[in-house]
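Q: Got a structure for you, questions after.
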Amino acid sequence: MLKSEAAKFAETVESYECLVESRNENLAHSRLGTSVLCRLALSGTNNDVFDFLDMTPVGSLNCKVIDFPESPETKLLWYSQKREYEEGKPISVRESQALREEAKSVLFVVDFKSFEIVDHVTIKNFTGVSILSGVLIQGPSPYQCRVSCNLPNGTPVEYKVLPTGFEQIQ
């Protein structure tokens, strides 16, 4: 009986450790994201980004940092609006698709060696980021990061994300 109880406590501790790790990671991403926005604000350029972000309700802006395996000093920062839904109520696939279609995002390529913003793109209906292995892609780079999304006017677009910025794929 004691072994069973000890196993339950071990599972509880493990789940809390995972939760703490996840929150620490989210906090680190938010701090980096805030730093980039402050840098952008101080530069006085790219006011379109702030116009776009001003439409996002307070407390609903998320930031996720995505590393490039081929370029550790370059990172992709993805700012998105958390969509609200009723707690405790299951969300259907149709509802989650509708929420995603409403979502607004801004993506930045940032050189963290110099802390310079290399490029950014404002999008809606963010459909994903994929990092493809060089096994599938011919070329000098072992990895390739792609972003699939719709532009604010609804046009679907796919970008190849490079350390030098976003390159639209035809």
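Q: In segment 45-76, which residues are charged (D, E, K, R) and at pLDDT 80 or above?
A: Within segment 45-76, LYS64, ASP67, GLU73, LYS75 qualify.
Q: If the Cβ limit is 7 Å and pairs must be 6+ apart or interchain, which residue in segment 18-47 that is within 21 Å of ILE117 (Cα to Cα) pairs with which residue that is part of a loop (DSSP other than H, G, I, E, B)?
A: Going by the 7 Å Cβ cut-off, the qualifying pairs are ARG39/PHE115; LEU40/ASN46.
Q: Can you work out which of the residues in segment 53-82 that are crowded, with 18+ Cβ neighbours inside 10 Å and among the hydrophobic types (A, V, I, L, M, F, W, C) is farthest from CYS38 (Cα to Cα)?
A: PHE68
The values are calculated or read from the model by the stated rules, or taken from the named source; none is laboratory data. Given the structure is predicted, the values throughout are model-derived calculations rather than measurements. Virtual Cβ from ideal backbone geometry, glycine too; neighbours counted across all protein chains shown.
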